[in-house]
Amino acid sequence: MAGATTLLVFLFVIPAAYATTYMVGGTSGWALGVNYTNWAAGETFHVGDSLMFIYGNTHTVDEVSSSDYNSCSSSNTISTAVSGNTSIALSAMGSRYFICGTTGHCPGGMKLEVTVSAATGPTSSPSTPGSTSPPPPPPPPRSNGVFFRVNTFLLGAPIVMAALLAVMG
C-alpha cells in the first residue's frame with residue numbers, strides 16, 4: 001500500500017507539459033503604476049502560450065508595431081480590445097507590442113513588449129542550409145488553456161488508475 005501511495009504522489013507532483021497563460025502584470029494586471037519591462041523580463045514566452053490582460057474600463061489593449069510602441073501611438077493598431085478580460089495567443093516567434101490607447105497611459109508606463117521563442121517540446125531535425133521549407137502551422141488558439149489542462153487530466157486519469165491497480169494488485 002505504501003508503494004501505491006508513493007506512486008500516486010509521484011504522478012500528481014510531476015507537472016504536465018502544456019502551454020502557459022501569463023497574467024500580464026501579475027496580481028496588478030494591466031494598470032497604471034506597473035513596470036511591464038521588469039515583469040516581462042522575469043518571464044519566458046513560447047509559441048503556444050497566451051497573455052491574459054485583466055483591466056478596468058478606462059483601459060484598452062492595443063497591439064501595435066514597434067515604431068508605434070516606441071512613440072506610444074495607437075493610430076495604426078493591429079488590434080484593439082476593450083472587454084476588460086483579453087486573451088492574446090502567442091502563435092509565432094518574434095516580438096509583440098502592446099499599449100494602452102487611453103490618452104497618457106502609454107507614456108505613463110502602460111506598454112508591454114514580449115519576445116516569443118520557439119515552442120517547448122520535442123524538436124525536429126534541422127533543415128539543410130539554404131532550404132526553404134514552410135514553417136509549421138501555428139497551434140490552434142485557446143482562450144485560457146483551461147480546456148487543455150482539463151483534457152490532460154482526464155486523459156491521464158485512466159493511466160494513473162491502471163498503475164495503481166497494477167501496484168496494488
Output the residue which, of all residues in the stretch 99-120 that are crowded, with 17+ Cβ neighbours inside 10 Å and touching a residue at least 60 places away in the same chain (Cβ under 8 Å), is farthest from Trp30 (Cα to Cα). Ala119
Out of (1) in contact with a Lys or Arg (Cβ under 7 Å, 6 or more places away or on another chain); (2) without any contact (Cβ under 8 Å) to a residue 40 or more places away in the chain, the one Ser50 does not meet is (2)
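The rows are residues; the columns are (1) surrounded by 11 or more Cβ atoms within 10 Å (Cβ to Cβ); (2) at pLDDT 95 or above.
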{"residue": "Pro15", "(1), (2)": "no, no"}
{"residue": "Ala19", "(1), (2)": "yes, no"}
{"residue": "Asn35", "(1), (2)": "yes, yes"}
{"residue": "Val64", "(1), (2)": "yes, yes"}
{"residue": "Asp68", "(1), (2)": "yes, yes"}
{"residue": "Ser79", "(1), (2)": "yes, yes"}
Looking at (1) at pLDDT 95 or above; (2) assigned to a helix (DSSP H, G or I), which one does Ala4 not meet, given that it meets all the others? (1)
Keeping to the stretch 81-98, report how many residues are open to solvent by 80 Å² or more (accessible area, probe 1.4 Å) and under 16 Å from Ala31 (Cβ atoms). 3
Starting from residues that are over 17 Å from the mean Cα position of the chain (by Cα) and surrounded by fewer than 19 Cβ atoms within 10 Å (Cβ to Cβ), keep the ones in the stretch 49-62 and report whichever is farthest from Tyr18 (Cα to Cα). Thr58
Which members of the stretch 37-48 meet the condition of being in a helix (DSSP H, G or I), open to solvent by 60 Å² or more (accessible area, probe 1.4 Å) and not β-branched (Val, Ile, Thr)? Asn38, Ala41
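The values are calculated or read from the model by the stated rules, or taken from the named source; none is laboratory data. What you are looking at is a predicted structure, and each value in this text was computed from that prediction instead of being measured. Backbone-built Cβ (ideal geometry, glycine too); neighbour counts: all protein chains shown. These accessible areas exclude ligands, DNA and RNA; they are computed on the full protein's heavy atoms, side chains included. Shrake-Rupley method; radii C 1.70, N 1.55, O 1.52, S 1.80 Å.
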